[in-house]
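Working notes for the structure below.
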Amino acid sequence: MDAITLLRDDHTMLRELTQQFADTAEKAVETRKKLLKRIEMELKAHTTIEEELFYPALLDASDDIKDARMVAEGIEEHRAADKKVIPDLHKADESSIAYSGEAKVLKDYIFHHLKEEEEEMFPRVRELIGRKELQELGEKMLARKKELLGELA
């Protein structure tokens, strides 16, 4: 599986999880806890393989400042979800209306980030990196993701 296909599959799964999460009712406290834990684990593995392997491959293949800015924005968006939105959810009362709002913000935030990657970054990477290299990169990313999910589970 090539790197972009792996990331697109992750994106599909993250969209489904965050949509389910945002759609939960205030009385679904246990469901909310389980979904947040799963989202956090999957997101951590996903952002790690992007930052350790995918983004550096793009930067190595390009000398365009726009690509460097795109990577920097991606990293900052990861940090905002990991360091702000998810920690805020952990502190909130799962049965509250406010939690419902935060869950929707997380979903919207993730949907926005994934759309940008798919519409801007992935086509750029396909331009710059050959099929064989993307296949090799995807294999490395999948191995690293499995390792991370094993550690996080």
- Counting only residues that are in a helix (DSSP H, G or I) and either under 26 Å from Ala80 (Cβ atoms) or touching a strand residue (DSSP E or B) at 6+ places or on another chain (Cβ under 6 Å) (or both), the range 96-141 contains a total of 31
- Message: Take Glu52 and tell me if it is over 16 Å from Glu147 (Cβ atoms) and either touching an Asp or Glu at 6+ places or on another chain (Cβ under 6 Å) or part of a helix (DSSP H, G or I) (or both).
- Response: no
- Note on the structure: Here the residues within the range 3-23 that are surrounded by fewer than 20 Cβ atoms within 10 Å (Cβ to Cβ) and either among the small types (Gly, Ala, Ser) or outside any helix (DSSP H, G or I) (or both) are Ala22, Asp23
- Take Glu76 and decide whether it is assigned to a helix (DSSP H, G or I) and either in contact (Cβ under 8 Å) with a residue 40 or more places away in the chain or touching a Ser or Thr at 6+ places or on another chain (Cβ under 7 Å) (or both). no
- For the range 83-112, which residues satisfy the criterion of being of a type in the set (D, E, K, R), surrounded by 15 or more Cβ atoms within 10 Å (Cβ to Cβ) and under 23 Å from Leu7 (Cβ atoms)? Lys107
- Residue pairs within 7 Å by beta carbon, gap of at least six or interchain, first lying in the range 7-24 and farther than 13 Å from Glu117 by Cα, second polar (S, T, N, Q), listed first then second, are Thr24/Thr31
- Query: Picking from Lys84, Lys33, which residue would you name as being more than 18 Å from the chain's Cα centre (by Cα), of a type in the set (Lys, Arg) and assigned to a helix (DSSP H, G or I)?
  - Reply: Lys33
- Answer yes if at least one residue in the range 55-73 is out of contact with any strand residue (DSSP E or B) (no Cβ under 9 Å at 6 or more places or on another chain), of a type in the set (Ser, Thr, Tyr), modelled with pLDDT of 95 or more and outside any helix (DSSP H, G or I), and no otherwise. yes
- Message: Tell me yes or no: at least one residue of the range 35-42 is touching a residue at least 12 places away in the same chain (Cβ under 8 Å) and farther than 26 Å from Gly138 by Cα.
- Response: yes
- Query: Does the range 65-73 include one or more residues that are under 21 Å from Leu17 (Cβ atoms) and either in contact with a Phe, Trp or Tyr (Cβ under 7 Å, 6 or more places away or on another chain) or not hydrophobic (A, V, I, L, M, F, W, C) (or both)?
  - Reply: no
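The values are calculated or read from the model by the stated rules, or taken from the named source; none is laboratory data. Computed from a prediction, not measured in an experiment: that's the story for all the values here. No Cβ is skipped: glycine too gets one built from the backbone with ideal geometry, and neighbour counts run over all protein chains shown.
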